[in-house]
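One structure below.
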Amino acid sequence: MNRRLRFVTHNAYKVREIGAILGAAGIEVLGLDDLPAFEVVEDGDSFEANAEKKARAIHRWTDDAALADDSGLAVDLLGGAPGIHSARYAGAGLKRGEQDAANRVKLHAALAGHEKPKARFICVLAYVEKNKKPLFFRGEVEGTITASERGTFGFGYDPMFVPTGSTRTFAEYSPAEKNAVSHRAKALQALMRHLAG
Ligand code: ITT
């Protein structure tokens, strides 16, 4: 497969994860480095709505096919929160590392006293090609929330999420291990099956 596509995100971790998975399939991923001021207000009421909004916005700037993901962590005990609000759960305006840390502190506080609460990571990809309807691909991974943070890899809620069947958090997985099983990987595999078919 020899394609170029724009992946719409300001999250460098996502670019790395997606670049590694699609790069192995011969798909070149272009980030937003040349468009640093590009910003989309994520005010949709679903992962699909936000992902589509991001992908359509970039597609107006370029003829390359556009791919965006909206993702998050849904905790059963919290009725699916933080869900689509995962990125700015602790409030907006912080730098990435501080934001992620503050989000985790808030989530641990919300879950205090509960043992191994169930949660799932969700990723919805929106894929937009010229003159075509957007396509959506979803990936999920189930697991539990730890009582304390462990591990240094990854980003976001990775240090507090243990996928079902494992004893390690996603932040204790190497990038390659996470890319083999993550919600983002599953959604990307569905996209690649579509592109190959
Ligand atoms: P863009 O909108 O620019 O892509 P973002 O980080 O704001 O970057 P989202 O709006 O999709 O992305 O929010 C996703 C949030 O959900 C992210 O900031 C993390 O807090 C969390 N999240 C999603 N996938 C994750 C993963 O693989 N590991 C850890 N946390 C994740």
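Structure above, values below:
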| quantity | calculated |
| --- | --- |
| Count - residues of the stretch 43-63 that are of a type in the set (Asp, Glu) and surrounded by 16 or more Cβ atoms within 10 Å (Cβ to Cβ) | 2 |
| Scope the stretch 158-175; condition assigned to a strand (DSSP E or B) and more than 10 Å from the ligand (Cβ to nearest atom); matching residues | Val162, Pro163 |
| In the stretch 149-192, residue surrounded by the most Cβ atoms within 10 Å (Cβ to Cβ) [restricted to those that are of a type in the set (D, E, K, R) and closer than 21 Å to Leu111 by Cα] | Asp158 |
| Any chance Arg193 is closer than 26 Å to Ala112 by Cβ and among the charged types (D, E, K, R) | no |
| Residues (within 13 Å of the ligand (Cβ to nearest atom), assigned to a helix (DSSP H, G or I) and in contact (Cβ under 8 Å) with a residue 24 or more places away in the chain) located in the stretch 176-197 | Lys178, Asn179, Val181, His183, Arg184, Ala185, Lys186, Ala187, Leu188 |
| Candidates Gly19, Gly26, Gly80 - the one that is free of Cβ contacts under 8 Å to residues at least 40 places away in the same chain, surrounded by 15 or more Cβ atoms within 10 Å (Cβ to Cβ), closer than 26 Å to Lys133 by Cα and not charged (D, E, K, R) | Gly19 |
| Search result, residues across the stretch 104-113 that are out of contact with any strand residue (DSSP E or B) (no Cβ under 8 Å at 6 or more places or on another chain) and part of a loop (DSSP other than H, G, I, E, B) | Ala112, Gly113 |
| Condition met for Leu73 (of a type in the set (A, V, I, L, M, F, W, C) and more than 10 Å from the ligand (Cβ to nearest atom)) | no |
| Qualifying residue in the stretch 95-110 (condition: of a type in the set (D, E, K, R), surrounded by 14 or more Cβ atoms within 10 Å (Cβ to Cβ) and modelled with pLDDT under 95) | yes |
| Thr144 being touching a residue at least 24 places away in the same chain (Cβ under 8 Å) and more than 14 Å from Leu67 (Cβ to Cβ) | yes |
| Ala65 more than 9 Å from the ligand (Cβ to nearest atom), in contact with a helix residue (DSSP H, G or I) (Cβ under 9 Å, 6 or more places away or on another chain) and at pLDDT below 90 | yes |
| Among the residues listed as Ala51, Ala57, Ala68, the single one being under 20 Å from Val124 (Cβ atoms), in contact with a Pro (Cβ under 9 Å, 6 or more places away or on another chain) and either part of a loop (DSSP other than H, G, I, E, B) or in contact (Cβ under 8 Å) with a residue 40 or more places away in the chain (or both) | Ala51 |
| Count of the stretch 85-103 residues which are part of a helix (DSSP H, G or I), within 8 Å of the ligand (Cβ to nearest atom), within 17 Å of Phe161 (Cα to Cα) and not polar (S, T, N, Q) | 2 |
| Identity of the residue in the stretch 1-45, under 15 Å from Val124 (Cα atoms), within 12 Å of the ligand (Cβ to nearest atom) and not hydrophobic (A, V, I, L, M, F, W, C), that ends up farthest from the chain's Cα centre (by Cα) | Gly44 |
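The values are calculated or read from the model by the stated rules, or taken from the named source; none is laboratory data. Please read all numbers here as calculations on a predicted model, not as lab measurements. In this analysis, Cβ positions are derived from the backbone assuming ideal geometry, glycine residues included, and neighbour counts consider all displayed protein chains.
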